Amino acid sequence: LAALLRSTPVDRVEKAEVMYSAPPQYHVRGAAINIVMRRSHDAAFSGEVHGNYTDRCFASWELGGNFVMSSPKWSADVMYTAACGKSKTCYDLLSRHTLDNRLYDIGQEESITGEGWSHQLRAAVEYAPRERGRLSAAYTASFSPDGSGISRSQGNYVGSLSQKVGDKSLHNIAMRYTSAFGLDVGLDYTHYDDSTRSTLENDYADGSRTAFDVVSGQLVDRLNLTADQTHRFDSGWELSGGAAFGFSTSHDWQHYTVLEGAPVTTDTDSHLDEYTVNLYAGFGRQFGRTGFSVSLAGEYYRLGDYENWSLYPQASFNWIPSDRHIVQLNFSSDKQYPSYWEMQGAVSYIDGYSEIHGTSGLRPSRSYGAQAIYIFRQKYIFVLFWNEVPDYFVQTAWQASDRLALIYQSLNWNTNRQWGANAVVPFRIGRCLDSRLTVTGLRMRQRCDRFHDMSFDRTKWVGIVRLDNTFHLCRKPELNLEVNGFFQSPAIQGTYDIGSLGSVDAALKWTFDKGHASLSLRCSDIFETGSPLTHIRYGGQWLDMGSQRYSRTTTVHFSYRFGGYREKKHNEVDTSRFGH
């Protein structure tokens, strides 16, 4: 967003709406920044080509281009990116697992590599005659054919080798019509296909062996329809209302073929149909330097035999007593959904000791949040915040009580609560340094009355500090150096104790050819300290996990723009619930 704003001429921006609690007609969860651009009715052709080279233990590269064509009534844009990469991740695990009153010291080292091609394509067209509404359509696709991965686990309990190959593809069609009188109608359809073939071989320390093949996959079809109407009266009042309908069907399967030994495997083949109906109404008004908005959404949700009715209120208040002072009060509520695979009862295997379990009956969580924001001189920001998430879910580890197995599983908790304060302080030293200091302090409370065969109710104070610095080394040609640092104190996640973490990033950017070309060199997590060490010392559970290798990433990026190209923002396809 910052790069977009820097590259956009002021006369092309009609207005920018900063919302810590977006109203329901935006169909955006939580905070949002809506930049309203003035529509260009000139005939033009512009574009950008770019390339990346990234080194993170292995080399990866990416090539792509974006092109935009516009006329007085029509505009069209197309984007294509191809990437080929290889990655490596390592984990260390130390588990003191108690079973039948006997303590087992299990140490494992896991090395995971993956490689493959990925392609992304987006094509869009828009028809927008002057003051007669707007009609747009977009097609987005991504493909990852023949992706492969190898996972090796070595330790005193089991040596495992897992190999997998798979294909992934996604197709999305989005259409939207906005009338001149405030009616906004949208349609969004997504098809996702993921198929994987894998083999796992386990050599246990007691001399036994197991091996099996797995054919697994996921098919998802998702449809969303929205209709919104906003009417602004001459008196300053604004009324809004609308509806949204969502339907998705997910088919997940895993079929095992035992090759050696007698491993515990179960074939799964499940279907989930999910329905969501949302109706909302709201109103608001601007009184000079004071404005407010209030809305209420009612939602019906059905998943199989489970039905739920919920209300989601939203309110915001803005007061600008002068150009130096801005006050905002916000309250919002929403719902978060688990991935489709998490909602199934399937089991997948990382190695001969670690497993990932789905959870039949896993439910969406609700969230309620409030913020009080004070902005001084339009750049110093101070925030008080509170956030409550009933039925919160997240994946955590559990040492099984009936066998030697480490189970990763998502469960619904009673609540996850956070409250605290945040401050953003930008400052400048001469003409050579622009800096921004962000400080956050918060109190966490996490409670679950039914966590496997025990419960927890834990609290923790957490501090976060981030400092971003831009050194202007040269104005003509433009040469900038960025050095950014981040630190977080120890935190908690369920029964986890998460150690402190921090990172230092640096980037050097050269802009030349009258701003058309840029070349940058970036190195993130220079000291490889950005991944935390986690521990469990709770309720008889004892576990250490960590990854402090292969996180340093070096990237060289080149881009060239022609024809006055300005990057066009578009909605990303939501893929958070897809995949195994």
Kindly indicate the residue of region 322-342 that is in contact with an Asp or Glu (Cβ under 9 Å, 6 or more places away or on another chain) and part of a loop (DSSP other than H, G, I, E, B) and also farthest from Val28 (Cα to Cα) among those meeting that condition.
Trp341
As an exercise: evaluate Ala517 against (1) out of contact with any Asp or Glu (no Cβ under 9 Å at 6 or more places or on another chain); (2) at pLDDT 95 or above; (3) not basic (Lys, Arg) and give the number of the one condition it does not meet.
(2)
Mind checking which residues of region 355-388 are assigned to a strand (DSSP E or B), of a type in the set (Val, Ile, Thr) and either under 30 Å from Ala400 (Cα atoms) or at pLDDT below 95 (or both)?
Ile356
Qualifying positions in region 65-96 - within 23 Å of the chain's Cα centre (by Cα), surrounded by 16 or more Cβ atoms within 10 Å (Cβ to Cβ) and not polar (S, T, N, Q):
Met79, Ala83, Gly85, Cys90, Tyr91
Single condition Arg102 does not satisfy, out of (1) touching a residue at least 12 places away in the same chain (Cβ under 8 Å); (2) open to solvent by 40 Å² or more (accessible area, probe 1.4 Å)
(1)
Whether any residue in region 113-133 is among the basic types (Lys, Arg) and buried (at least 17 other Cβ atoms within 10 Å of the Cβ) is what I want to check.
yes
Cβ-Cβ under 8 Å pairs, at least 6 apart or on other chains, region 493-517 side open to solvent by 30 Å² or more (accessible area, probe 1.4 Å), far side among the small types (Gly, Ala, Ser) and part of a loop (DSSP other than H, G, I, E, B):
Ser500/Ser489
Across region 261-280, what is the number of residues that are within 16 Å of Thr230 (Cβ to Cβ) and open to solvent by less than 60 Å² (accessible area, probe 1.4 Å)?
1
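Matching residues to (1) modelled with pLDDT under 95; (2) within 16 Å of Phe558 (Cβ to Cβ); (3) more than 23 Å from the chain's Cα centre (by Cα); (4) among the aliphatic types (A, V, I, L, M):
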site: Gln488; (1), (2), (3), (4): no, no, no, no
site: Ala507; (1), (2), (3), (4): no, yes, yes, yes
site: Thr534; (1), (2), (3), (4): no, no, no, no
site: Arg537; (1), (2), (3), (4): no, no, yes, no
Go through the residues of region 191-202 one by one and say whether even a single one is among the small types (Gly, Ala, Ser), open to solvent by less than 30 Å² (accessible area, probe 1.4 Å) and part of a strand (DSSP E or B).
yes
Only one of Asp213, Asp146 is closer than 29 Å to Tyr91 by Cβ, out of contact with any Ser or Thr (no Cβ under 9 Å at 6 or more places or on another chain), part of a strand (DSSP E or B) and not aliphatic (A, V, I, L, M), namely Asp146
Selection from region 298-321 of residues of a type outside the set (A, V, I, L, M, F, W, C), assigned to a strand (DSSP E or B) and surrounded by fewer than 12 Cβ atoms within 10 Å (Cβ to Cβ) yields Tyr306, Glu307, Pro321
Taking the options Tyr139, Tyr157, Tyr204, name whichever one is farther than 27 Å from Gly352 by Cβ and among the hydroxyl-bearing types (Ser, Thr, Tyr).
Tyr139
Find the residue count for region 145-172, including only residues that are open to solvent by 80 Å² or more (accessible area, probe 1.4 Å), of a type outside the set (Lys, Arg) and closer than 30 Å to Ala124 by Cα.
1
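The values are calculated or read from the model by the stated rules, or taken from the named source; none is laboratory data. If you're wondering where the values come from, they're calculated on a predicted model, not measured in any experiment. Don't worry about glycine lacking a Cβ; one is built from the backbone with ideal geometry, like all the others, and counts go over all protein chains shown. Heavy atoms of the whole protein, side chains included, go into the accessibility calculation; ligands, DNA and RNA do not. Shrake-Rupley method; radii C 1.70, N 1.55, O 1.52, S 1.80 Å.
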